[in-house]
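These notes are about the structure you will find just below.
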Amino acid sequence: MFVHLHVHSPYSFLDGASSLSALLHQAAEWEMPALAITDHSNVSAAVEFHKLAQELGIKPIQGAEITTEDGTHLTLLAENSQGYAALCRLITAGFAHGSRHECLVPWEALQENARGLIVLSGCHRSGTAQAILRRDHTRAKAEVLRLLEIFGPGQVYLEMIQSYLPFSKRLLEGIFKLHEELRVPLAATNNVHYLRKEDFPIHDLLVCVRTQTRVQEIHPERPFNGENYFASPEEMKRRFAAFPEALASTLEI
């Protein structure tokens, strides 16, 4: 079994192409015991998400994907009400530090509001992943050690995403190397932005609107392929056949 812990709903404005209802009903059909919603810099889905999840017998995990003050991403999950309050304070601090339109969470705020939160190291835009892609292992290790210092052992997981992009193999290998060296557990996600693979064009159009890009033009934020969908447990098992512990961790979380 597997649980999705990095999922974007329509509340990731112009970056989530499937409804909460569709995502939760699919999770229920696959008998997933829990689901996390991790929208960009907000918890606007919280009430709708928790109400429907409980109706379907799914444990709702409230999270958020945040951008730090240095422009890198982290995936945060609230363990309890204390963690949810911390998440809200972090998002508030991010908008105060950034602007009305850009939430940039200061590292100092993370240090002050870490209790009750689990952190996944993030997508390819995380500090850890960016260092790996630059072949800077020392910096990647320092990024993970910083997370351990802030959140504490047992609260940090190395996020693995298999999106079949040109850099995916190097990134997965680099993350696994950090796992072996630092003994930080792995956690598989699919950085979900839409329900089905065939919904990819809808998400692409939303990104075009958000970035004010014509469909025939290129933009660095436009997705490269349609792999970030709500994959089944069987599909995730195939993607992470070499890293079964990354799947098991999602149930632990």
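The values are calculated or read from the model by the stated rules, or taken from the named source; none is laboratory data. What you are looking at is a predicted structure, and each value in this text was computed from that prediction instead of being measured. With ligands, DNA and RNA removed, areas are computed over all heavy atoms of the protein, side chains included. Shrake-Rupley method; radii C 1.70, N 1.55, O 1.52, S 1.80 Å.
Mean projected area of the Cα convex hull of the stretch 53-116, taken over all directions, amounts to 4.7 nm².
If you take the Cα centroid of the stretch 206-253 and the Cα centroid of the stretch 61-93, the two points sit 20 Å apart. Rounded to two decimals, the Cα-based Rg/Rh of the stretch 75-174, with Kirkwood Rh, is 1.00. Sorted from greatest to least, the principal axis extents spanned by the alpha carbons of the stretch 196-253 come out as 41, 20, 18 Å. Taking all protein chains as shown and a probe of 1.4 angstrom, residue 92 keeps an accessible surface of around 90 Å².
Taken as entire DSSP H runs, the helices of the chain that both span 15 Å or more between Cα atoms along their own long axis and average 0.0 or more on the Kyte-Doolittle scale are 81-97, 137-151, 200-211.
Three principal axis extents of the stretch 14-98 based on alpha-carbon atoms, in descending order, are 41, 28, 17 Å. Of the three principal axes defined by the Cα atoms of the chain, the extents in descending order read 39, 39, 37 Å.
With all pairs of separate Cα atoms included, the stretch 36-76 yields a Kirkwood hydrodynamic radius of 10.9 Å. Heavy atoms of the protein chains alone define the surface here; on that basis the stretch 3-90 has 37 Å² accessible area per residue at 1.4 Å probe size. The Cα trace of the stretch 159-220 gives Rg and Dmax of 15.6, 45 Å, the first to one decimal, the second as a whole number.
Based on the alpha carbons, how large is the Rg to Rh ratio for the stretch 89-239 when Rh follows Kirkwood? Write out the running numbers ahead of the final one.
Details: Rg = 16.9 Å, Rh = 17.1 Å.
Looking at the stretch 89-239, the ratio lands at 0.99.
Solvent exposure of the stretch 137-253, expressed per residue, is 52 Å² of accessible area, with all protein chains present and a 1.4 angstrom probe.
In terms of accessible area, using a 1.4 Å probe and ignoring ligands and nucleic acids, 31, 235 rank largest first as 31, 235.
Ligands, DNA and RNA left out, the 1.4 Å accessible surface of the stretch 80-219 is 52% carbon and sulfur atoms. Number of Lys-Lys pairs in the chain with C-alpha atoms under 18 Å apart and a separation of 8 or more places or on different chains: 5. With no solvent and one equal point scatterer placed on each C-alpha of the stretch 107-164, evaluate the Debye formula and give log10 I(q)/I(0) for q = 0.16, 0.24, 0.29 Å⁻¹, two decimals. So the normalised log intensities work out to -0.49, -0.99, -1.23.
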